[in-house]
Every structure is written in structure tokens, then in C-alpha cells.
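*Asks:* This is the structure I have questions about; it appears just below.
The values are calculated or read from the model by the stated rules, or taken from the named source; none is laboratory data. As the structure is a prediction and not an experimental result, all values here were calculated from the model. Heads up, the Cβs are rebuilt from the backbone with ideal geometry, glycines too, and the neighbour counts pull from every protein chain shown.
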Amino acid sequence: MPNSNLLTIIFFSCLWRPCQQQQHPDCIHRCGNIDIPYPFGIGPPEHGCYSDDNFAVSCNNSSRKPILQKFNLEILEVRSNPPYEYGQYGGVTVKIPSVSACRGTTIHWNSPNLKGSPFNFGSPNIFASVGCHGYASFDDGRNRNIEGCTSICLDIQETNTSTLLELDQCYGYNSCCQIDIPLAKKYSISVSVNNASGHYCRSAFLISREYLASHALSQSTVPSMAAVPVVLLWYIENLNEGT
């Protein structure tokens with residue numbers, strides 16, 4: 001009877017949160033200086049190093065950078081219990097490209113499609129755009145939410161592009177605007193600059209709120225950021241959901 005009670009306790013604890021199996025010696029849970037906790041893992045699939053193919057990670061031997069294999073995204077951090085509104089489930093921070101347009105051009109970009117996976121883009125991120133001319137739009141891919149934003153600059157900001165951007169002031173002034181985003185499996189970004197003269201550019205991107213609040217960004221530094229940190233929420237219950 002004591003053994004039966006023990007099995008019951010273990011079973012219910014694994015329902016509450018992902019239960020890490022006894023790991024095979026070939027399983028790896030660190031790449032470079034980044035921890036890769038279960039249900040993520042590195043190693044042969046037959047050894048149960050990760051929960052399923054969605055959580056398979058590879059580690060580049062030369063760069064020592066972990067890659068979320070299914071979407072070929074570089075992993076910056078894995079959190080099993082992040083302080084997000086989705087409770088006991090986790091978040092993985094990955095690099096996602098930013099989009100820039102200059103001198104009368106329009107650029108369109110589509111995100112990776114997370115349909116069929118336990119991952120979502122969500123509220124730990126915001127959509128932000130930086131620049132003095134033009135506009136940027138965000139489409140959640142379900143024909144439900146298409147939003148845009150633009151920002152203006154004082155004359156001094158058009159010439160002094162090193163002015164730092166503050167998250168709490170990023171609402172259309174100071175060369176910066178932002179939009180809260182819905183839970184989504186994919187999204188697209190369009191960036192347009194309507195001033196064909198001069199060297200004005202606009203950048204737009206989904207970005208982690210936490211990163212944006214703790215790092216100093218400016219008009220001069222943002223265009224050089226080819227990719228920015230974005231949090232993918234993961235929770236097993238939505239594995240078969242999607243649009």
C-alpha cells in the first residue's frame with residue numbers, strides 16, 4: 001500500500017507541471033552559458049532527453065548557441081516559472097528579426113508560424129516601432145487585429161538620434177510608439193517610410209517587455225539590431241490549438 005500511495009503522488013505532481021524523467025547520460029541540458037531545463041533538452045530522441053519534438057534543442061559546437069530546432073530560433077533563456085499571467089507554465093526567450101525601411105520604401109515580414117506547437121506569442125512582448133517618419137503595422141494573422149502606430153520627433157531628435165528611448169514614453173512622441181499584442185500563433189509586420197528625401201528610416205519589431213525596460217535603445221542603435229529578444233509562451237494544454 002505505501003508503494004501505491006507513492007505512485008499516486010508522483011503521478012499527480014507530473015500532471016501539475018512537466019515531470020523530468022531519469023535522464024540518459026547522453027542527454028544535455030546546458031549549451032554555452034545557457035541552461036536548457038526539461039521539457040527542453042539536447043540529445044538523441046530515443047533517450048527521452050526532451051518532452052517531444054517541439055522541445056528539441058541543438059547546440060552549435062563552434063558558437064555554443066542553443067537552437068530551438070523546430071523553428072530554427074536561437075534560445076537566449078528558458079524559464080519554467082516566469083512571472084507571466086499564464087501561471088505555472090513557462091517561457092522561452094528567442095531571437096526574432098527586426099524590420100527596417102528607409103527612404104520611401106515599404107517592407108513586409110512574416111514571423112515563424114507556431115501552429116501545431118505548444119508555443120505562442122503573447123503579452124510578455126510588445127510591438128514597438130522607432131523612427132521620425134512613416135508608420136508600422138502589426139497583423140496577428142487571424143484577420144482580427146491589424147493595428148498600426150507612428151511617431152513624431154522634435155527637430156533636435158531628428159538630428160540627435162542617440163536620444164534614449166523610454167518604455168513609459170513610447171506612445172507616439174520621442175520617435176517611438178508601441179502596441180499591446182494579443183495571444184497569437186503568427187504575425188506579420190509592415191514598415192513604411194513616406195519621406196523619400198533624406199536618410200530617414202523606421203524600424204519595427206516584437207520585443208520582450210522586460211528586455212526593453214532594462215536596456216537603453218535609441219534611433220541610432222535600433223536599426224543595427226538585426227534580431228531582438230522575444231518571449232514564446234509554452235503550455236502543454238494548447239498543443240492542438242492554433243489558427
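*Asks:* Only one of these is at pLDDT 90 or above, loosely packed, with under 15 Cβ neighbours inside 10 Å and over 19 Å from the mean Cα position of the chain (by Cα): 106, 159. Name it.
*Replies:* 106
*Asks:* Of all the strands (runs of 3 or more DSSP E) wholly in the stretch 98-145, which have at least 3 residues that are in the same structural domain as residue 186 (by TED's automatic domain parsing), touching a residue at least 40 places away in the same chain (Cβ under 8 Å) and within 12 Å of residue 191 (Cβ to Cβ)?
*Replies:* Of the strands (runs of 3 or more DSSP E) lying wholly inside the stretch 98-145, those with at least 3 residues that are in the same structural domain as residue 186 (by TED's automatic domain parsing), touching a residue at least 40 places away in the same chain (Cβ under 8 Å) and within 12 Å of residue 191 (Cβ to Cβ) span 99-102, 106-110, 125-131, 135-139.
*Asks:* Moving on. State which residue is modelled with the lowest pLDDT when the search covers only the stretch 50-66 and only residues that are within 15 Å of residue 117 (Cβ to Cβ) and surrounded by 18 or more Cβ atoms within 10 Å (Cβ to Cβ).
*Replies:* Ranking the candidates gives 51 first.
*Asks:* Report, ordered by the first and then the second residue, all pairs with beta carbons closer than 8 Å, sequence separation of six or more or different chains, a first member in the stretch 46-61 that is assigned by TED's automatic domain parsing to the domain that holds residue 29, and a second member that is charged (D, E, K, R) and surrounded by fewer than 18 Cβ atoms within 10 Å (Cβ to Cβ).
*Replies:* 47/26; 49/26; 53/70; 54/70; 56/70; 59/65
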